[in-house]
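Below you'll find the structure, written out as structure tokens, and then a few comments.
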């Protein structure tokens, strides 16, 4: 970092502390040439994870959007908010662990359906009906039959 006063490239850090509720680091620096002090701020650069939609559009991953969909599917069901948050955390961890910055919506949907199937069958069917966009009653009934067969 160059000194803003004399443009000398070397300085020393005199003080460091958190700023903006931990979103940045404030550093007080002293130029090794002119001795003047100046402040710098370092921010963590967030690289957004993109979700590739069925139609090819790319959209930033939105944790709250996923949570809202799960809450809707689990409405009036015996699924705790903590369990829903755990599913959202799992999906977010899956994204962070991935080496890719883009993930297909189908991969996220499949993982969510897998977890909902374990948590609550009714919530699973609700989510599947929206996610898979059943075209007719036969597709819906086929999914229900598959669900019933796995119960036996």
Go through the range 28-113 and tell me which strands (runs of 3 or more DSSP E), entirely inside it, have 2 or more residues that are free of Cβ contacts under 8 Å to residues at least 24 places away in the same chain. 37-43, 58-60
Does residue 125 meet the test of being part of a helix (DSSP H, G or I), more than 30 Å from residue 20 (Cα to Cα) and either outside the structural domain of residue 17 (by TED's automatic domain parsing) or out of contact with any strand residue (DSSP E or B) (no Cβ under 9 Å at 6 or more places or on another chain) (or both)? yes
Determine which member of the set 60, 86, 73, 19 is more than 29 Å from residue 130 (Cα to Cα) and either in the same structural domain as residue 125 (by TED's automatic domain parsing) or touching a strand residue (DSSP E or B) at 6+ places or on another chain (Cβ under 8 Å) (or both). 19
Given the criteria under 20 Å from the mean Cα position of the chain (by Cα) and either loosely packed, with under 10 Cβ neighbours inside 10 Å or within 21 Å of residue 126 (Cβ to Cβ) (or both), does residue 54 qualify? yes
Of 117, 111, which residue is within 13 Å of residue 51 (Cβ to Cβ), in the same structural domain as residue 56 (by TED's automatic domain parsing), surrounded by 13 or more Cβ atoms within 10 Å (Cβ to Cβ) and out of contact with any strand residue (DSSP E or B) (no Cβ under 9 Å at 6 or more places or on another chain)? 111
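In the set 49, 41, which member is surrounded by 15 or more Cβ atoms within 10 Å (Cβ to Cβ) and either closer than 30 Å to residue 129 by Cα or at pLDDT 90 or above (or both)? If you could, list the steps in order and put the result at the bottom.
Numbers: 41 fails: surrounded by 15 or more Cβ atoms within 10 Å (Cβ to Cβ).
Every option except 49 fails the conditions.
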When residues of the range 80-100 are limited to those that are at pLDDT below 90 and farther than 15 Å from residue 111 by Cα, the one surrounded by the fewest Cβ atoms within 10 Å (Cβ to Cβ): 99
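The values are calculated or read from the model by the stated rules, or taken from the named source; none is laboratory data. Just so you know, these numbers come straight off a predicted model, no measurement behind them. Virtual Cβ from ideal backbone geometry, glycine too; neighbours counted across all protein chains shown.
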